[in-house]
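Written below as structure tokens is the structure these notes are about.
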Amino acid sequence: MTRLRITWTKSGIGYIREQRRTLKALGFRRLNQTVEHEDTPSIRGMIFKVRHLVRVEEESSEAE
């Protein structure tokens, strides 16, 4: 399965609370942090909500 490497690149200050909470739900604690998640529709939906605050890189699994 494809994994997504998500990097928080822009501060959530000045954006609505829902977007800041989405960043926290993705597992971010600080700016410029990178987290990895499986590529699922729910994760894609959260990324879509904060797409202006994060950078996403796809990496395919070596086992495939």
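The values are calculated or read from the model by the stated rules, or taken from the named source; none is laboratory data. A quick note: this is a predicted structure, and the numbers were derived from the prediction, not measured. Neighbour counts are summed over all protein chains in view; Cβ atoms, including those assigned to glycine, are modelled from backbone coordinates with ideal geometry.
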Considering (1) polar (S, T, N, Q); (2) surrounded by 11 or more Cβ atoms within 10 Å (Cβ to Cβ); (3) under 20 Å from residue 1 (Cα atoms), say which one residue 42 fails and leave the rest.
(2)
Go through the range 1-46 and give me each residue that's part of a helix (DSSP H, G or I), among the small types (Gly, Ala, Ser) and closer than 23 Å to residue 60 by Cβ.
42, 45
Counting only residues that are over 17 Å from residue 31 (Cα atoms) and not in a strand (DSSP E or B), the range 50-60 contains a total of 1
Contact list please: Cβ distance under 6 Å, first residue in the range 1-28 and exposed (fewer than 11 other Cβ atoms within 10 Å of the Cβ), second residue at pLDDT 95 or above and not in a loop (DSSP other than H, G, I, E, B), pairs at least six apart or on different chains.
1/38
For the range 11-27, which positions are within 14 Å of residue 51 (Cβ to Cβ) and under 12 Å from the mean Cα position of the chain (by Cα)?
19, 22, 23, 26
Scan the range 45-63 residue by residue and report those that are over 8 Å from the mean Cα position of the chain (by Cα) and surrounded by 15 or more Cβ atoms within 10 Å (Cβ to Cβ).
49, 53
